[in-house]
Amino acid sequence: MEEKSKQETPWYKNAVIYELYVRGFQDGNKDGRGDFWGLISRLDYLVDLGVDCIWLMPIYPSPGKDDGYDITDYYGVSPEYGTIEDFRSLLYQAHGRGLKVIGELVLNHTSDQHRWFREAKKGPGSAYFDFYVWSDTPEKYKDARIIFSDLETSNWTYCKENGLYYWHRFFYHQPDLNYENPKVREEMIRVIRYWLDMGLDGFRVDAVPYLYEGEGTSCENLPETHAFIKEIRSIIDREYPGALLLAEANQWPEDLVRYFGEGDEFHMAFNFPLMPRLFMALRQEHHGPIVDIMKRLPKIPESCQWAMFLRNHDEMTLELVTDEERDYMFHVYAEDKQMRLNKGIRRRLAPLLGNDRKKIELLNAILFTLPGTPVIYYGDEIGMGDNIFLGDRNGVRTPMHWNDNKNAGFSEAQPSRLYAPVITDPVYNFNSINVEEDKNNKSSLLNWLKHFLFIRKTFPAFGRGSLNFIYPDNKKILVYLIEHEDVKLLCVFNLSASSQPVEINLQSLRGYTPIEIIGATIFPAIGELPYLLTPNGYGYYIFNLME
Ligand code: GLC
Ligand code: CA
């Protein structure tokens with residue numbers, strides 16, 4: 001009998017994803033706001049960087065009170081970004097360059113300006129009343145936490161028009177849809193088909209845990225939510241094989257991994273538990289936080305994958321740490337209260353790390369070598385700064401710096417027309433922190449990152465291999481071995497500011513010769529004694545072990 005052919009590795013396992021804010025990327029029509037045509041003109045940059053997939057923040061029509069996560073029409077695009085035809089051109093242009101495009105699927109809520117909600121407000125007689133979650137008292141579902149804790153005081157808001165309260169897990173102007181209503185589920189499945197039919201390659205699914213509510217529960221991760229995700233996945237598998245579902249579920253490991261199901265829910269999920277601990281380990285100069293959380297993450301189904309990230313368009317959330325750890329993180333990473341928002345820190349990568357190039361490289365190197373698919377947030381590849389004086393999370397969504405021309409090359413509009421100012425403070429000024437500058441400078445962060453991504457691509461083991469930690473006595477050093485088929489990659493990171501000696505027990509690898517793959521340098525073979533290395537402060541080695 002013929003042997004069943006080995007399943008092909010899904011594309012997302014070896015990909016690099018780039019998150020971008022269309023409004024902030026490139027203005028194509030001089031109105032001071034980024035758009036599809038601007039983005040199309042920058043696709044070659046992304047290909048050159050080594051990106052495989054772009055994730056677009058919401059592009060739907062929206063009053064923009066939550067930057068497009070408050071949707072008024074799931075079937076359109078915001079006119080400031082272009083037309084549906086322009087969006088099709090973007091897909092066409094991206095696909096022509098081998099780039100995938102994923103969009104946002106905001107299932108949990110709509111804008112209060114959505115036609116459904118405007119109808120629903122008329123009261124129980126309205127055909128859309130049951131599209132939302134209503135109550136005559138704000139006392140229901142008391143066990144649900146408030147997510148935007150700095151901005152909202154309750155998950156219920158009173159509706160003057162019908163005298164009832166409506167449920168919302170985020171802003172008061174984002175009423176939650178009622179998933180008990182089969183019509184809501186049908187509508188959202190229609191939305192999914194619409195975009196995938198158009199050629200979109202999948203979705204980052206927003207705010208997944210909150211779809212269903214239940215009295216006496218936290219109203220998160222309920223079984224009904226999983227059942228609906230399974231239904232969506234089965235449609236994807238049947239009708240759109242290859243399309244990606246990526247979960248935003250900011251949950252502790254045990255709840256988070258359930259979103260992979262048995263390989264029948266999400267293909268990918270963001271590794272929220274790991275993210276803050278990368279920053280913690282660096283600050284504490286101790287491998288403990290990283291090792292402990294990675295060991296707490298149960299094994300995930302073969303076809304599934306972690307999305308690995310350092311920063312994104314939101315505040316760096318610190319929900320998944322203890323209260324003490326959070327106080328510590330605030331103290332060391334956000335001394336100025338202006339930098340804090342809800343339970344998080346609203347800063348970009350470079351400012352968080354004190355603009356220390358070695359620290360930025362180190363965290364990226366860990367991110368790119370741990371099992372998973374890296375997700376880069378636009379601008380962080382050149383070490384862009386932020387503007388903590390812009391409200392909410394806007395400080396990390398300012399225009400991309402392309403060059404040192406007017407408006408950093410982002411737009412030809414008058415500077416005062418830009419949707420947000422470019423960064424002009426002395427350290428992060430766009431005159432020096434910009435793509436063109438970094439391209440011309442051989443030793444820039446951009447070129448370092450590009451080289452690393454290129455090398456990573458040549459070792460598919462990084463996206464797919466198994467992970468095993470090795471524990472040296474020197475706890476300032478993080479060591480792990482990635483293995484895939486007969487490839488063995490040994491990764492060593494110095495989490496401290498000073499040079500460190502480290503003896504690594506590699507008895508089982510005796511006779512192998514480590515080749516440092518970033519610099520292509522041959523090291524002495526592994527012998528009887530523990531392997532001695534002396535990495536510089538924040539230094540690291542990525543070895544390919546050759547027999
Ligand atoms: C997600 C998004 C965030 C948005 C929220 C409400 O957490 O990442 O930006 O505000 O959902 O839609
Ligand atoms: Ca524009």
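The values are calculated or read from the model by the stated rules, or taken from the named source; none is laboratory data. None of the values given here were measured: they were computed from a predicted structure. All Cβ positions, glycine included, derive from the backbone under ideal geometry; neighbour counts span all protein chains shown.
Output the residues belonging to segment 150-197 that are aliphatic (A, V, I, L, M) and outside any strand (DSSP E or B). Give the steps one after another, and end with the answer.
Step one: filter segment 150-197 for residues aliphatic (A, V, I, L, M), giving 151, 164, 177, 184, 188-189, 191-192, 196.
Once the filter is applied, which keeps residues that are aliphatic (A, V, I, L, M) and outside any strand (DSSP E or B), segment 150-197 yields LEU151, VAL184, MET188, ILE189, VAL191, ILE192, LEU196.
Looking at segment 378-396, which of its residues are more than 13 Å from ligand 1 (Cβ to nearest atom) and of a type in the set (Val, Ile, Thr)?
Once the filter is applied, which keeps residues that are more than 13 Å from ligand 1 (Cβ to nearest atom) and of a type in the set (Val, Ile, Thr), segment 378-396 yields ILE382, ILE388.
Given the criterion under 16 Å from TYR538 (Cβ atoms) and touching a residue at least 40 places away in the same chain (Cβ under 8 Å), identify the matching residue among LEU490, LEU478, LEU467.
Details: LEU490 fails: under 16 Å from TYR538 (Cβ atoms); LEU467 fails: under 16 Å from TYR538 (Cβ atoms).
Just a single option satisfies the conditions, and that option is LEU478.
Take the residues of segment 311-349 that are among the hydrophobic types (A, V, I, L, M, F, W, C) and touching an Asp or Glu at 6+ places or on another chain (Cβ under 7 Å): which is farthest from TYR538 (Cα to Cα)? Break it down stepwise before answering.
As a first pass, look at segment 311-349 and keep what is among the hydrophobic types (A, V, I, L, M, F, W, C): 316, 318, 320-321, 329-330, 332, 334, 339, 341, 345, 349.
From what's left, touching an Asp or Glu at 6+ places or on another chain (Cβ under 7 Å): 341, 345, 349.
Details: LEU341: 29, ILE345: 23, LEU349: 16 Å.
Here the answer is LEU341.
Look at LEU481 and say whether it is buried (at least 18 other Cβ atoms within 10 Å of the Cβ), within 22 Å of THR369 (Cα to Cα) and not aromatic (Phe, Trp, Tyr). Show your work before the answer.
Values: buried (at least 18 other Cβ atoms within 10 Å of the Cβ): yes; within 22 Å of THR369 (Cα to Cα): yes; not aromatic (Phe, Trp, Tyr): yes.
Answer is yes for this residue.
Please go through segment 8-21 and pick out each residue that is part of a loop (DSSP other than H, G, I, E, B) and either in contact with a strand residue (DSSP E or B) (Cβ under 6 Å, 6 or more places away or on another chain) or within 16 Å of ligand 1 (Cβ to nearest atom) (or both). Walk me through how you get there before you give the answer.
Here is the first cut: in segment 8-21, the ones part of a loop (DSSP other than H, G, I, E, B) are 8-10, 15-16, 21.
Listed by number, the residues that qualify are ALA15, VAL16, TYR21.
Being of a type in the set (A, V, I, L, M), under 16 Å from GLU80 (Cβ atoms) and touching a Gly at 6+ places or on another chain (Cβ under 6 Å) is the filter; apply it to segment 390-423 and report the residue that is farthest from ligand 2 (Cβ to nearest atom).
First, the residues of segment 390-423 that are of a type in the set (A, V, I, L, M): 390, 396, 400, 408, 413, 418, 420, 422-423.
Then drop every residue that is not under 16 Å from GLU80 (Cβ atoms), which leaves 413, 418, 420.
Add one more test, that the residue is touching a Gly at 6+ places or on another chain (Cβ under 6 Å), and what stays is 413, 418.
On the way: ALA413: 8, LEU418: 10 Å.
Top of the filtered list is LEU418.
Of the residues in segment 372-395, how many are in contact with a helix residue (DSSP H, G or I) (Cβ under 7 Å, 6 or more places away or on another chain) and closer than 10 Å to MET308 by Cα?
2
Within segment 489-513, take every residue that is touching a Ser or Thr at 6+ places or on another chain (Cβ under 9 Å) and farther than 17 Å from GLU361 by Cβ and give me the one that is surrounded by the fewest Cβ atoms within 10 Å (Cβ to Cβ).
Filtering first and then ranking leaves PRO501.
Say we look at segment 161-206 and pick out the residues that are within 27 Å of LYS122 (Cβ to Cβ) and among the aliphatic types (A, V, I, L, M); which of these is nearest to ligand 1 (Cβ to nearest atom)?
LEU177
Considering only residues of segment 94-124 that are closer than 20 Å to ASP70 by Cβ and in a loop (DSSP other than H, G, I, E, B), which is nearest to ligand 1 (Cβ to nearest atom)?
Ranking the qualifying residues of segment 94-124, first place goes to ASN108.
Which of the helices (runs of 4 or more DSSP H) contained wholly in segment 283-355 include at least 3 residues that are surrounded by fewer than 17 Cβ atoms within 10 Å (Cβ to Cβ)?
288-296, 323-333
I'd like to know if segment 327-336 contains one or more residues that are among the hydroxyl-bearing types (Ser, Thr, Tyr), farther than 30 Å from TRP448 by Cα and out of contact with any His (no Cβ under 9 Å at 6 or more places or on another chain). Show your work before the answer.
Taking segment 327-336 and keeping what is among the hydroxyl-bearing types (Ser, Thr, Tyr), we get 328, 333.
Pick out the ones that are also farther than 30 Å from TRP448 by Cα and you get 328.
From what's left, out of contact with any His (no Cβ under 9 Å at 6 or more places or on another chain): 328.
Yes, because at least one residue in segment 327-336 is among the hydroxyl-bearing types (Ser, Thr, Tyr), farther than 30 Å from TRP448 by Cα and out of contact with any His (no Cβ under 9 Å at 6 or more places or on another chain).
Looking only at segment 68-81, which residues are buried (at least 23 other Cβ atoms within 10 Å of the Cβ) and under 22 Å from VAL422 (Cβ atoms)?
Within segment 68-81, GLY68, TYR81 meet the criteria.
Residue pairs, Cβ under 7 Å, 6 or more apart or interchain, first in segment 179-195 and closer than 21 Å to ARG169 by Cα, second among the aromatic types (Phe, Trp, Tyr) and not in a helix (DSSP H, G or I). List them.
What qualifies is TYR179/TYR212; ARG185/TYR179.
May I ask you to list the residues in segment 510-542 that are at pLDDT 95 or above, in contact with a helix residue (DSSP H, G or I) (Cβ under 9 Å, 6 or more places away or on another chain) and within 20 Å of LEU495 (Cβ to Cβ)?
Of everything in segment 510-542, those that are at pLDDT 95 or above, in contact with a helix residue (DSSP H, G or I) (Cβ under 9 Å, 6 or more places away or on another chain) and within 20 Å of LEU495 (Cβ to Cβ) turn out to be PRO530, TYR531, ASN536, GLY537, TYR538, GLY539, TYR540, ILE542.
For segment 22-67, give me every one of the helices (runs of 4 or more DSSP H) that falls completely inside it and has 2 or more residues that are β-branched (Val, Ile, Thr) and surrounded by fewer than 18 Cβ atoms within 10 Å (Cβ to Cβ).
Values: elements: 22-25, 36-41, 43-49.
Per the criteria, no element qualifies.
Can you tell me which residues in segment 411-451 are free of Cβ contacts under 8 Å to residues at least 24 places away in the same chain and among the small types (Gly, Ala, Ser)?
If the condition is that a residue be free of Cβ contacts under 8 Å to residues at least 24 places away in the same chain and among the small types (Gly, Ala, Ser), then SER416, SER443 are the ones that fit.
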